[in-house]
Ligand code: SF4
Ligand code: SF4
């Protein structure tokens, strides 16, 4: 398939999660929603269901207001809104981790706001690298497994999990590869780049891997377009079409990202271990460089600088989801670390209800002129 | 979560609980300062970090949350918040964190000074915001951070897996602190500290339970002041004795029918959330003028750590108010509301505290329904004076008073 044809496909999937879900349900599949940030999707996959990312949507908030005060981030608000509205109807369950305070509240509210879709909590440890942390992660996974076993009337099979882990590791690898390759292809728009990442949330990973592999092949055959201004973006989500259009209008290319809904998902693979579940535990204990994971050395800021330097990004744009306190705290450190390294950095605040992107455009335009 | 406000008036009778409690807070700050001056390593500590650890080791710490509350109550909240904002911190971040991070930069505040730390002790059983706040302190001050992760528990009871996880970190924290300070752990001293902490907690819980009397012998806002001691000195004999004195005073007041609440106590309410420290007088006066006394708060429970052994201690720290699920949080409040005969609930929707406010709507709805009492909320902030409207507060309190009045067959 030609590049454009593939990009159209990614776009179609990214823009129509409802259609995807309907198709899976029609095919007799079960769907389990996965809230941000690190749900053990492999477990859901191994138990025969489709894990679907639930990161909210750019939609007006009405019903969620009954539960959340206005100062909770729009990702949590809109997930709840969609849940109450019935957009997720048909899903068997939702796994909600509690890595930030707002996520904890989403889970608690969910039980009453959307009682028909089972809430499965996933409690991760923050001190995750040591033995005690690993044991606790395992207990958390076992709890998810137990709930799914009951819900689906099936039994968990470690061999099946190995199969899923392989699929996920391969998907991680192709996502890293495509991200690196996209850096060499400025002609691929920021909007298209976003679609490639976003579509992964609404597909079985083996299907997404196949599509991404096709894209990689097609890209390798196609000549690189004209150079644009290279930047690295960082934040929780960056899937807004209006926002990405600004980059495209201004001739800015995203050469790398530190976005929770994008590359942060694909940095860590599940390694070899005695059992598949242990392998998954090791995957989580090896994760880092994220505002939601305890990181006293703020290695995340170093990684941002290093990645920017390696990819030739001339500046860092932090896309801050309004009311996201983990990111708000990290921003101060990222800013000073970038400045230390002589790397220009700017902040654009966004939320999922934003209609007017004029201010964002001005900030990005000024930033482009500066770098 | 924890806070303290010291009245500017000179202390009264040295035998009174009030005097003793004030002295404990003063002594607490003085001792940390002196330890620092002696060259000892001192820490900053999260309000619900297991104090048994450093009490046993004989390490002095102070509490940024108490300091932030004191600064806010004495009018410095906005100034410090703005300093943090000029550093790049969003004004949506918890105001305690903003005040503390600003203080760590400017290193002085006439409202409440505190020596700078050589390490920080973090525990996120009250919120995950704490992790980020302490990470940034540790990073910018270039000091170690000891972190006991006590995750929010979505279940009604604490699992064995959680106990094991927390226990291992507890032991690890001891090891790290021994290394940093050179002090040595003593099992015998640990047992002593546990016994004293239990004694203090029991006395604190008993004192707060006097709210159940009609009329209540205490003005509920008193508790907000005394709580600082429950936070910073729980493991000391002086604190145990001061709370025991408080119990005696309340006992006597009940017998005499007197109260520290001045005026008639027409209505009894549960106050939900942290106080609005910058507007304490406004918030209190609006209640007092209508004869409304606060007789119930989950805060009273928050620092009553009762346990029998090490496992029990760990479970107690896993069970603090902000670490528990909606159902357990709800049931505890229902019990308090019923025990104290609360006739209404006034909810502080605290702009600073996402966790406390994030499922409060649903929870207070359920409490109101179960107890058949009205629930009213107002918007505020525990330390940033800009996020509060006196007019809105007045209107809401008035509305609550009217419903409570009507429920009594009045008006
Ligand atoms: S990490 Fe930030 S964006 Fe994500 S749920 Fe928490 S507050 Fe919202
Ligand atoms: S976020 Fe809430 S619980 Fe955490 S420190 Fe601030 S006020 Fe306290």
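Observations on the model:
- Total residues in region A:301-337, condition over 23 Å from residue B:358 (Cβ atoms), surrounded by 20 or more Cβ atoms within 10 Å (Cβ to Cβ), touching a strand residue (DSSP E or B) at 6+ places or on another chain (Cβ under 7 Å) and within 12 Å of chain B (Cβ to nearest Cβ): 2
- Residue check, residue B:118 within 12 Å of chain A (Cβ to nearest Cβ) and surrounded by fewer than 24 Cβ atoms within 10 Å (Cβ to Cβ): no
- Qualifying residue in region A:233-241 (condition: over 15 Å from the mean Cα position of the chain (by Cα) and either buried (at least 19 other Cβ atoms within 10 Å of the Cβ) or not in a loop (DSSP other than H, G, I, E, B) (or both)): yes
- Only residues that are under 26 Å from residue B:127 (Cα atoms) and either within 16 Å of ligand 2 (Cβ to nearest atom) or modelled with pLDDT of 55 or more (or both) were counted in region B:1-26, giving 6.
- Qualifying positions in region A:86-114 - outside any loop (DSSP other than H, G, I, E, B), within 27 Å of residue B:92 (Cβ to Cβ), over 18 Å from the mean Cα position of the chain (by Cα) and more than 9 Å from chain B (Cβ to nearest Cβ): A:110
- All told, residue A:272 meets the bar of being surrounded by fewer than 19 Cβ atoms within 10 Å (Cβ to Cβ), away from ligand 2 (no atom under 16 Å from the Cβ) and part of a loop (DSSP other than H, G, I, E, B).
- Among the residues making up region B:357-380, those that are at the interface with another protein chain (Cβ under 9 Å from one of its Cβ atoms) and either over 21 Å from residue A:109 (Cβ atoms) or within 16 Å of ligand 1 (Cβ to nearest atom) (or both) are B:357, B:358, B:359.
- Residue tally, condition more than 23 Å from residue A:180 (Cβ to Cβ) and either crowded, with 19+ Cβ neighbours inside 10 Å or touching a strand residue (DSSP E or B) at 6+ places or on another chain (Cβ under 8 Å) (or both), over region A:286-300: 7
Let's see how each residue does on (1) within 8 Å of chain A (Cβ to nearest Cβ); (2) at pLDDT 95 or above; (3) under 26 Å from residue B:316 (Cα atoms); (4) touching a helix residue (DSSP H, G or I) at 6+ places or on another chain (Cβ under 6 Å):
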position: B:79; (1), (2), (3), (4): no, yes, no, no
position: B:104; (1), (2), (3), (4): no, yes, no, yes
position: B:107; (1), (2), (3), (4): no, yes, no, no
position: B:114; (1), (2), (3), (4): no, yes, no, yes
position: B:125; (1), (2), (3), (4): no, yes, yes, yes
position: B:136; (1), (2), (3), (4): yes, yes, no, yes
position: B:150; (1), (2), (3), (4): no, yes, yes, yes
position: B:157; (1), (2), (3), (4): no, yes, yes, no
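- All told, residue B:339 falls short of being surrounded by fewer than 18 Cβ atoms within 10 Å (Cβ to Cβ) and within 14 Å of chain A (Cβ to nearest Cβ).
- Filter result for residue A:371 (surrounded by fewer than 20 Cβ atoms within 10 Å (Cβ to Cβ) and touching a residue at least 40 places away in the same chain (Cβ under 8 Å)): yes
- Candidates B:162, B:169, B:176 - the one that is assigned to a helix (DSSP H, G or I), in contact with a helix residue (DSSP H, G or I) (Cβ under 9 Å, 6 or more places away or on another chain) and without any contact (Cβ under 8 Å) to a residue 60 or more places away in the chain: B:169
- Residue within region B:51-64 that is more than 20 Å from residue B:171 (Cα to Cα), away from ligand 1 (no atom under 16 Å from the Cβ) and part of a loop (DSSP other than H, G, I, E, B) present: yes
- Top-ranked residue of region A:66-77 - restricted to ones that are buried (at least 24 other Cβ atoms within 10 Å of the Cβ) and not in a loop (DSSP other than H, G, I, E, B), ranked as nearest to the other protein chains (Cβ to nearest Cβ): A:76
- Inspection of region A:149-161 finds a residue satisfying the criterion of being in a helix (DSSP H, G or I), more than 12 Å from every other protein chain (Cβ to nearest Cβ), away from ligand 2 (no atom under 16 Å from the Cβ) and closer than 22 Å to residue A:267 by Cα.
- A single entry from A:171, A:124 fulfils the requirement of being under 25 Å from residue A:235 (Cβ atoms), in contact with a helix residue (DSSP H, G or I) (Cβ under 9 Å, 6 or more places away or on another chain) and more than 10 Å from every other protein chain (Cβ to nearest Cβ): A:171.
- Taken over region B:120-143, residues that are farther than 22 Å from residue B:87 by Cβ and more than 10 Å from ligand 2 (Cβ to nearest atom) amount to 2.
The values are calculated or read from the model by the stated rules, or taken from the named source; none is laboratory data. Treat the numbers as computed from the prediction; the structure is a model and nothing was measured. Because the Cβ atoms are built from the backbone with ideal geometry, glycine has one as well, and the counts that use them run over all protein chains shown.
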